[in-house]
Structure formats: structure tokens, C-alpha cells
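As C-alpha cells, the structure follows; a few thoughts come after it.
The values are calculated or read from the model by the stated rules, or taken from the named source; none is laboratory data. Quick caveat, the model's predicted, so the values are computed rather than measured. As a convention, Cβ positions derive from the backbone with ideal geometry for all residues, glycine included, and neighbour counts pool all protein chains shown. Heads up: the accessible areas ignore ligands, DNA and RNA and are worked out on the full protein's heavy atoms, side chains in. Shrake-Rupley method; radii C 1.70, N 1.55, O 1.52, S 1.80 Å.
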Amino acid sequence: MMATHILTILALFLALNALAFLVYFLDKQAARNRRRRISERTLLTLALIGGSLGAVCAQKLLRHKTQKEPFRSLLKAIIVFHATSAILLSAVAGYMILELPLLD
């Protein structure tokens, strides 16, 4: 049962990051073709709600928004937030699984 939940969460995570990558790709194409762009707010929101790895991969692989400030700094802050959250959640989950008290 727990494995099913983990696989579902993993699938949603992968789908969200694939979506973020796709949206960054579409924005890059729009920039190349001088078409209407996707707003930076939308790109950063996709990263913030969980698509940060897809956003960073797109930024690096597509060379998209690599020089644009404050976009770069905001995306880095989102990555730091996600990494910190993942570490903290892993620690809490580890304590819960081992049934150890969280605070002594």
C-alpha cells in the first residue's frame, strides 16, 4: 500500500517536471520565433510548485534564461527551498518510520 503511494507521488513528480521542461522549451521556441512569450511568473511558479528540476534542466540544456536576473537568483532560491524541504521531510519520515521521538 505504501509502495503504491510512493510510486504515485514519484509519477506526479516526474510529470510535473516534464511539464516544466516542456513549458520552458515552448518559451525558448517562442523567443527564437519572435512570438508571444510565457511570463517569467508562470515559469517560476511551475518551478515553485514542484517542477524545479525540470526547470533547471531546461535552463541548462536549452540555454534559456541563464543570464536573466532576477530570474536566475529566484530559481536558485526555489532549488534551495526544495532541497531543504526534502532533507527535512526525509528526516521526519525517517523518525516516523523508526518510531523514534522527533524531539528528545
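Tell me the label-point distance for the pair residue 30, residue 68, using the 7 Å Cα-to-Cβ offset, in nm and rounded to one decimal.
Those two pseudo-labels are separated by 0.9 nm.
After finding the eigenvalues of the alpha carbon gyration tensor for the range 1-56, what semi-axes result from the square roots of 5 times each, listed largest first in whole Å?
Details: eigenvalues 161, 20, 8 Å².
Semi-axes from the Cα gyration tensor: 28, 10, 6 Å.
Given labels modelled 7 Å from the Cα in the Cβ direction, how far is it in nm from residue 79 to residue 15?
Computed distance between label sites residue 79 and residue 15 equals 2.6 nm.
If you roll a 1.4 angstrom probe over the protein chains with everything in place, what fraction of the accessible area of the chain belongs to carbon and sulfur, to the nearest %? Walk me through the numbers on the way to the answer.
Values: 5410 of 7780 Å².
Answer for the chain is 70 percent, counting heavy atoms of protein chains only.
Helix 71-98 against the longest principal axis of the chain: what's the angle in degrees, Cα atoms only, rounded to the nearest 10?
20 degrees
Taking the simple approach of a point 7 Å from Cα along Cα-to-Cβ for both residue 8 and residue 93, what is their distance in nm?
The modelled label-to-label distance comes out at 1.5 nm.
For the chain, set up a Gaussian network in which alpha carbons nearer than 10 Å are linked by springs, and say which option among 87, 78, 38 fluctuates the most.
87
If you rank 69, 40 by how much accessible surface each has, with a 1.4 Å probe, what is the order from largest down? List each step's numbers first, then the result.
On the way: 69 90, 40 55 Å².
Ranking 69, 40 by accessible area, largest first, yields 69, 40.
Taking only protein heavy atoms into account and a 1.4 Å probe, give the accessible area per residue of the chain in Å². Present the calculation step by step, with values, prior to reporting the outcome.
Details: 7780 Å² over 104 residues.
Using a 1.4 Å probe on heavy atoms only, each residue of the chain averages 75 Å².
Based only on the alpha carbon positions, what is the Kirkwood hydrodynamic radius of the chain, in angstrom? Kindly include the intermediate steps, with their values, before the conclusion.
On the way: mean 1/r = 0.0654 Å⁻¹.
Taking the inverse mean of 1/r over all distinct Cα pairs, the chain comes out at 15.3 Å.
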